[in-house]
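Please treat every number below as a calculation from the coordinates, not as lab data. The shown structure was predicted, so the numbers you read here are calculated from the model rather than taken from an experiment. Here Cβ is always computed from backbone atoms with ideal geometry, including for glycine, and neighbour counts include all displayed protein chains.
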Amino acid sequence: MPEKIKVAVLASGRGSDFQSILDAAERGEITAAIVALITDNPEAKAIDRAKLNSIPYAVIPVADYSTREAHDQAVWKKLDEFKPDLVVLAGYMRIVRDHGFLKAYGGKMINIHPSLLPSFPGAHAQRDAFDFGAKISGYTIHFVTDSLDAGPVIYQEAVDISGCSTADEAAASILEREHVGLPKIIQMFAEGSFAAEGRKVTYTRKTPKRSGMRM
């Protein structure tokens, strides 16, 4: 069994993906300790989920900072207090721009986006896919870069939305699968490492530690 990795989550809204991580950890499906929630939104429902699960949390409002980079640096400083092995952006409605922050957590910061990128980037991906008439959408887990939803792709899953009659139904169908896929990728980080070279992402599983006993 691999050692637990420390996971910090950044979220701006209701935190359902955050909850999926908490639930997977509770069920023993991921070898991870959720060490912190950080949000830019004082009204985020994710805060209530953190409180209910005794997860340390920090609220860092955007309005308190004069620039995007200054806000990023405040989040970075708070994250460093928890020393996470992995940072998960789960419904975090900010683009990380500070290059120092991105470099410090290079290869250790991921985002989940509700479309099959590069199709339908941005904040309204599910609605955009539905309004476009897409029959298949899905979600993407990718490394975070300073470009909107443009980091190297770690994992994607297609979701059939052809039977959905509203954008909300399409969003719910995609979200249901996000709650399965996100813990799966976190567990892969616990068991190995992903690396990006250009747009290509590769995965290496950790070599199990050998016992010191001789037979």
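Is it true that Phe143 is touching a Pro at 6+ places or on another chain (Cβ under 9 Å) and either over 27 Å from Ala171 (Cα atoms) or not polar (S, T, N, Q) (or both)?
Taking the combined requirement at face value, the residue satisfies it.
Cβ-Cβ under 7 Å, sequence separation 6+ or interchain: first residue in the stretch 144-157 and among the small types (Gly, Ala, Ser), partner in a loop (DSSP other than H, G, I, E, B) and surrounded by 19 or more Cβ atoms within 10 Å (Cβ to Cβ). Which pairs?
Filtered contacts from the stretch 144-157: Gly151/Val144.
Among the residues of the stretch 62-69, is there at least one that is crowded, with 16+ Cβ neighbours inside 10 Å and under 30 Å from Ile174 (Cβ atoms)?
no
Consider Val87 carefully, then state whether it is β-branched (Val, Ile, Thr), touching a residue at least 60 places away in the same chain (Cβ under 8 Å), in a helix (DSSP H, G or I) and surrounded by 14 or more Cβ atoms within 10 Å (Cβ to Cβ).
no
Could you list, ordered by first residue, the pairs with Cβ atoms under 7 Å in which the first is in the stretch 164-191 and within 15 Å of Lys135 (Cβ to Cβ) and the second is of a type in the set (Lys, Arg), at least 6 apart or interchain?
Short answer, once both residue conditions are applied: Ala167/Arg127.
How many of the residues making up the stretch 42-83 are of a type in the set (Gly, Ala, Ser) and part of a helix (DSSP H, G or I)?
5
Just give me the residues in the stretch 90-118 being over 30 Å from Ser137 (Cβ atoms), surrounded by fewer than 18 Cβ atoms within 10 Å (Cβ to Cβ) and in contact with a helix residue (DSSP H, G or I) (Cβ under 9 Å, 6 or more places away or on another chain), in sequence order.
His99, Gly100, Ala104
Considering only residues that are charged (D, E, K, R) and part of a loop (DSSP other than H, G, I, E, B), look in the stretch 24-41 and name the one that is nearest to Gln187 (Cα to Cα).
So, considering only residues that are charged (D, E, K, R) and part of a loop (DSSP other than H, G, I, E, B), the one nearest to Gln187 (Cα to Cα) is Glu29.
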